[in-house]
1. Can you name every residue in the stretch A:295-323 that is more than 14 Å from chain B (Cβ to nearest Cβ), assigned to a loop (DSSP other than H, G, I, E, B) and buried (at least 16 other Cβ atoms within 10 Å of the Cβ)?
2. Test of understanding: among A:ASP262, A:ASP292, which residue is of a type in the set (Asp, Glu), out of contact with any Leu (no Cβ under 8 Å at 6 or more places or on another chain) and either closer than 25 Å to A:ALA157 by Cα or at the interface with chain B (Cβ under 8 Å from one of its Cβ atoms) (or both)?
3. Just to check your reading of the model, which residue among B:LEU323, B:LEU350, B:LEU282, B:LEU338 is over 23 Å from A:GLY141 (Cα atoms), outside any helix (DSSP H, G or I) and in the same structural domain as B:ARG256 (by TED's automatic domain parsing)?
4. As an exercise: evaluate B:PRO93 against (1) within 14 Å of another protein chain (Cβ to nearest Cβ); (2) part of a loop (DSSP other than H, G, I, E, B); (3) without any contact (Cβ under 8 Å) to a residue 60 or more places away in the chain; (4) touching a strand residue (DSSP E or B) at 6+ places or on another chain (Cβ under 8 Å) and give the number of the one condition it does not meet.
5. Identify all residues within the stretch A:357-371 that are within 12 Å of another protein chain (Cβ to nearest Cβ), assigned to a loop (DSSP other than H, G, I, E, B) and touching a residue at least 40 places away in the same chain (Cβ under 8 Å); write none if there are none.
6. Which of the strands (runs of 3 or more DSSP E) found entirely inside the stretch A:74-186 contain at least 3 residues meeting this: of a type outside the set (Lys, Arg) and more than 14 Å from chain B (Cβ to nearest Cβ)?
7. Look through the stretch A:236-259, keep the residues that are under 14 Å from A:ILE286 (Cβ atoms) and outside any loop (DSSP other than H, G, I, E, B), and return whichever of them is nearest to the other protein chains (Cβ to nearest Cβ).
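The values are calculated or read from the model by the stated rules, or taken from the named source; none is laboratory data. The structure displayed is predicted, hence computed values, not measured ones. Cβ sites come from the backbone with ideal geometry, for glycine too, and all protein chains shown count toward neighbours.
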Amino acid sequence: MFTDFRIALAIPVALTLAACGEPQPQLSFEESLQQQLIEAEPGDVIDIPAGTHELTRSLSLNVPGVTIRGAGMDSSILSFRNQLQGAEGLLVSADDFTIEDLAIEDTVGDALKINDSDNVTVRRVRTEWTGGPLTTNGAYGIYPVQSSNILIDGSVAIGASDAGIYVGQSTRIIVRNSRAEYNVAGIEIENSTFADVYDNVATNNTGGILVFDLPNLPVQGGRNTRVFNNSIVDNNTANFAPEGNIVATVPAGSGLMVLANDNIEVFGNEFAGNNSANMMVVSYHITGLPIDDENYDPFPESIHVHDNSFSGGGAEPDSEPLALLREATGQAVPDIVWDGTILPGKTAPDVICMRGNGDADFVNLDAPGGFAAPSFEIGPHDCAGEELPEVSISTGP
Amino acid sequence: MIRSLLRILAPAILSACLLGACAEPRFFEQDNPQRLSDWNLFRDDGSRFIPREQTLVFAPANPLFTDYAGKLRTMWLPAGGQASMRGGELEFPVGSILSKTFYYPTGADGVLLESIDHENELDRQRHRMIETRLLVRRDDGWHAMAYVWNDDQAEAFLRVAGASVPASLQRSSGTEEFVYFVPNENQCAGCHVTVHPDGPLHPLGAVPEQLAAAANPDGAHPSQLQAMRERGWLEAAPVRTAAASWQDSRADLDTRALAYMNIHCGHCHNPDGAADTSALVLDGRHRNPVELGVCKTPVAAGGGAGDLLYSIHPGAPERSILLYRMESSEPDEMMPELGRSLAHEEGIALIRDWIAAMEGDCPEPVRAFGNG
C-alpha cells in the first residue's frame, strides 16, 4: 500500500523535471570543490581526500577562517597539468587561513597565491613542477603577497621559474623547516619587513635564499629579516627564469643574496658549494636597471653576518665580474661578496659587519670603480652588528 | 475569511503564472533558484527569448570584450522602487536585478559567429545563448551569479562554480577553437569588487557614466539615464558626460587607449585593486608614466614578461609587456586574466598604435653583475 503511494508520487515529479529541461548537471570534483570554497563558512574545514585530483581551472577562496586540509603532501595532490584557465592553482584572499598536508602540482602560473590576507598558515604543503627546472614552469610556488602574520612551516617547493617560497610586500613572516629545490630562487623575501627564515634547506636552486627590496612597488623599505640556521648548499642550477624578471639576473651559484635591504641578520647558517659565491650583498644599481622612484633606497645597510660556516663555493662563477676576479686571482671567489656601492657619507661597517664566520674570506668588488680595484680586506667590517629581535606572529601554532 | 479565500485562489494564481500570464519579474530575497526562468525576467515563446517589457534593455558606453560574444543586458527595479544618486554613484533599491545574457549569432551549420549587432531579443534559430549572469541587489548588497544554458537552449541552470564550454568561433580571419569560461562566483567578484579584498561588489555597466550614453549607437535615443527616469526609476536624470568609449572612432588615440584600459584593466589595476601589488595603475584615470608602466620593469610577471624588460617601451609596442600580455592566450600570461580565452584583435591594434605613437625611450640596462 505504502509502496504504491510512493510510486504514484514519483511520476509527476519526473514529469515536472522533464518539462523544465534537463536536470541540473552533475558536478565534477573540481566544480564541487570550488563550490565548497565559495559556500564555506568561517570555521569550516575542507578536506582534500587522498589521490591525484585533476583540475582545469584556478581554485579560489575569499571566505575567512577556513582550513583546507589534505591527507599528506604526498597523498593529496591537486594536479593542474591540464590547466586551461587561471593564473594560479589556488588564489586566496581571506584572513585566518590555513592550508596543510597537500600538494599543488604543475600549475601554469603560480601554485598557491595568497593576496591581502592576515593570519596565514601554510603547513606541510608541497608545490612542485614535476618536469624539473623549466622556463615554462609557473613563477611562484608558495606566494603570500601584501599579507601579514604568515607562517610557512614544513613545506616543500620545487621547480618554480621564479621563487619556490616567495613572500612579497608583507610583514611578520616566519619561514621554517621547509625545503626549496630546483627553483630559480629557493626562498625569497621581497619588499617585506620582520621576517624570520630558519631551519630551512635551500639546495640546487639558482640562488638559495634572496632578500630583496625593489623600487616602484606600493610596499617597499624591506628590512628586519633574520636568516639563520639554514642549510644553503650547492645552489648551482642554471638560471631558467624568463628574461625580464629580476631573478633572471641572479647568477647561478648564488647562496644567499641580499639586495638593497636594511637590517638583516645572518647567522648559524651552513653555506657550502655555491659556485658563484656563498653570500652576496649588493645594491639595486648592480642590476643595471633604471630607478624612477625617489622614495626608493637602492643601498643595503646594517647587514650583520656572524657565526656562520662556509665551505667550498665560488669555483665557477656565473657572473662576468666574478669570473674575471676568479681568473685574475686564480682562486675561488671569496665566500662573502660585497659590490662596494655605498651611500655617500656612509662607511663600510654601516653596510656589513662580520664576525665569527670561521675562516670565511671576503671581497669588496669595487663596482662603483668599474671593478678596477677589488679589496679583500675584511678588517673594515670587523664590527659588532645589531642583533635583531625574534619575529612574533599572531597566527596558530 | 480573506485568508481562506486566498487559500482557494492561490492554486489558480500559481497556474496562471505557469501559463505565462504572471508577467512580473520575481525577486528572491535569499536563496538563488536553480533555474533562470524562476526569476521571470524573460518571456519565451518557444523560438524567441525576449526581455519582459518591465525590464529596460541597456548597453554601457564603453563595453568589455568577452570572446566576441554578444551581450543582451536588462535592468529591472521592483514596482515602486527608485534608484537614487549617492556619492556620485547610482544606488539601486533592494530587489533590483541586472541581467546579462552572453550569446553568439549562429551560422548555417550552427557554427558560432562574432556578434556585431545589438540584439533586443534572441531568436533560437539565429542565436546560441551561453550564459546569463545576474547581479541582484539584496539587503546586504549586490550578489552575482551565473546561469548556464543547456544544450537544447530550453533552460539555464545556476552554476556556482562556473562552467567550461568548448566552442568554435568563425570570424573573417578564420575559425578558432576555444573554451568559453563561465565565471565562478569568486571570479565575478574578481572584477566586480574593485576595492580588494573587502570592498563591496557593485555593477560596472549600470553606472552613471556608462548609462549617460544612448542605448543605441546612432544616438537617436535619449540617454539611458533619461530612459530610467521615464520609467520612474530615477527622480531626475543626473547630468553626466558619457564615459569615453574605446570604440569611438572620433576620439583621439590617447582617449581611446585609456578608455580601453579603464574597462579591461581598471577593476584590478587601480590603487585599491587586487593588482595593486604590481604597481601598475591602468584605470584610465592615472596618467603618470610610471603608473602606466612606461619603462617599468615587471615584478612578479613570470612568463607573462615575455622575455621583455618594460611594461611599456615608448615607440616600441613589440618590446612592451603590456601588448605581449594582451596578445597571449596562455592562462598564466594573458591579460586580463579573466573574461576571455581569445585575443582581442581590435583592442590589440588600438594599444599597439598608442604605444607606437608614444615619444621617448627606455634605457638599455647595463648588466654589470648578472648572468645576462
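1. Restricting attention to the stretch A:295-323, the residues satisfying the condition of being more than 14 Å from chain B (Cβ to nearest Cβ) are A:297, A:299, A:301-315.
Still in the running and assigned to a loop (DSSP other than H, G, I, E, B): A:297, A:299, A:307-308, A:312-315.
Listed by number, the residues that qualify are A:ASP297, A:PHE299, A:ASN308, A:GLY313, A:GLY314.
2. Numbers: A:ASP262 fails: either closer than 25 Å to A:ALA157 by Cα or at the interface with chain B (Cβ under 8 Å from one of its Cβ atoms) (or both).
From the options A:ASP262, A:ASP292, the qualifying one is A:ASP292.
3. On the way: B:LEU323 fails: outside any helix (DSSP H, G or I); B:LEU350 fails: outside any helix (DSSP H, G or I); B:LEU338 fails: over 23 Å from A:GLY141 (Cα atoms).
None of the other options fit; the residue is B:LEU282.
4. Only one criterion is unmet by B:PRO93, namely (1).
5. Answer for the stretch A:357-371, where residues must be within 12 Å of another protein chain (Cβ to nearest Cβ), assigned to a loop (DSSP other than H, G, I, E, B) and touching a residue at least 40 places away in the same chain (Cβ under 8 Å): A:LEU365, A:PHE371.
6. On the way: elements: A:76-79, A:85-92, A:97-105, A:110-115, A:118-128, A:140-145, A:148-153, A:156-158, A:163-168, A:171-176, A:179-181.
Of the strands (runs of 3 or more DSSP E) lying wholly inside the stretch A:74-186, those with at least 3 residues that are of a type outside the set (Lys, Arg) and more than 14 Å from chain B (Cβ to nearest Cβ) span A:76-79, A:97-105, A:118-128, A:148-153, A:156-158, A:171-176.
7. So the first thing to find is which residues in the stretch A:236-259 are under 14 Å from A:ILE286 (Cβ atoms), and the list is A:246-251, A:254, A:257-259.
Retained after the next criterion (residues that are outside any loop (DSSP other than H, G, I, E, B)): A:246-249, A:254, A:257-259.
Details: A:ILE246: 7, A:VAL247: 10, A:ALA248: 7, A:THR249: 3, A:SER254: 10, A:MET257: 10, A:VAL258: 13, A:LEU259: 10 Å.
Of everything passing the filter in the stretch A:236-259, A:THR249 is nearest to the other protein chains (Cβ to nearest Cβ).
Conditions (1) within 20 Å of A:LEU33 (Cα to Cα); (2) crowded, with 22+ Cβ neighbours inside 10 Å; (3) in contact with a His (Cβ under 9 Å, 6 or more places away or on another chain); (4) not assigned by TED's automatic domain parsing to the domain that holds B:GLU346, marked per residue:
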| residue | (1), (2), (3), (4) |
| --- | --- |
| B:GLU119 | no, no, yes, yes |
| B:ARG124 | no, no, no, yes |
| B:ASP140 | no, no, no, yes |
| B:TRP149 | no, yes, no, yes |
| B:GLU155 | no, no, no, yes |
| B:VAL160 | yes, no, no, yes |
| B:SER168 | no, no, no, yes |
| B:ARG171 | no, no, no, yes |
